[in-house]
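Engineer: Pasting a structure here, questions to come.
A short reminder: the numbers here are calculations on the coordinates, not readings from a lab. As the structure is a prediction and not an experimental result, all values here were calculated from the model. All Cβ positions, even for glycine, are placed from backbone atoms using ideal geometry, and neighbour counts span all protein chains on display.
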Amino acid sequence: MPPLSIDTSKTALVVIDLQKGIVEREVAPHSSEEVIEHAARLAGAFRQKSMPVFLVRVTPSPDGKDALHPLADAGMAMATPPAGWADIVPELGSKQGDFVITKHQWGAFYGTELDLEFRRRDITTMVLCGISTNIGVESTARFAYEYGYHQIFVEDAMAAMSAEEHIATVTKIFPRIGLVRKTEDVLQALG
């Protein structure tokens, strides 16, 4: 595997759903605490280099009418979340200059300004992390692939509801659409 090279003028960090209501869940193979710690280190390095940091959170609209109700064998029930559920964890911020993207579906591109913000800043590469690997992160990654963005997936800065779900996405999907690396690889590439 060749050393990672990152163009700091064209790369952004995208952190998916590291918010109070999500990180309280039990995840694997990395704990929420580990994912937050690694994501915070990445965000700190990006901020230090004046590189964009996009903090993505998910929450329903106030009337709940944006919730999807597809015919599904294992549908997901949506209840009104408690106060503070969508707050970004304090370890990440947001800090001055960060972008907070609020999504209402799984992926961070659908129905948000993320693609527009990238294009206005000539961002061609995204470094992606967060919870859940196979839902919010993967959905965002698939859109990014279809939009033509380069992607770096930080494996130890993401987790899923089970180790099996995480491993399947990290080993079967992500290598086909980007580069899978560890936090230390990205930090080293940033210098």
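Engineer: Strictly over 32 Å apart at the Cα level, which of K95/K172; K65/K172; K10/K172; K65/K182 would you flag in this model?
Structural biologist: K95/K172; K65/K172; K65/K182
Engineer: Between region 29-44 and region 86-159, how many Å separate their Cα centres?
Structural biologist: 15
Engineer: Please work out the FRET efficiency for the pair K182 and H104, using the Cβ-Cβ distance as r and a Förster radius of 25 Å; give the result to the nearest 0.05.
Structural biologist: Calculated value: 0.20.
Engineer: Compute, for region 1-157, the length of the dipole vector about the Cα centre, with Cβ point charges of +1 (Lys, Arg) and -1 (Asp, Glu) only. Units Debye, rounded to 20.
Structural biologist: Here region 1-157 has a charge dipole of around 500 debye.
Engineer: Apply 1/(1 + (r/R0)^6) to the Cβ-Cβ distance of T8 and D63, taking R0 = 41 Å, and write down the FRET efficiency to the nearest 0.05.
Structural biologist: 0.50
Engineer: Plugging the Kirkwood radius over Cα pairs into Stokes-Einstein for the chain, at a temperature of 4 °C and a viscosity of 1.567 mPa s, what D comes out in µm²/s?
Structural biologist: 78
Engineer: Looking only at region 170-191, which residues have a backbone nitrogen under 17 Å from a spot 7 Å from the Cα of T124 in the C-beta direction?
Structural biologist: Counting only backbone N, you get 178-179.
Engineer: I would also like to ask the following. Highest GNM mean-square fluctuation, the chain, Cα pairs closer than 10 Å: which of P175, P62, P90?
Structural biologist: Answer for the Gaussian network model of the chain: P62.
Engineer: I would also like to ask the following. Send over the semi-axes of region 1-47's equivalent ellipsoid, whole angstrom and largest first, taken as the square roots of 5 times the C-alpha gyration tensor eigenvalues.
Structural biologist: Taking √(5λ) for each Cα gyration eigenvalue gives 25, 14, 9 Å.
Engineer: On to the next question. Could you give the length gained by full extension between A168 and K49, i.e. 0.36 nm per residue of separation minus their alpha carbon distance, to one decimal place?
Structural biologist: 39.6 nm
Engineer: Dividing the convex hull volume of the alpha carbon atoms of region 81-140 by its residue count, what do you get in Å³ per residue?
Structural biologist: Numbers: hull volume 6.6 nm³, N = 60.
Enclosed volume per residue, from the Cα hull, is 110 Å³.
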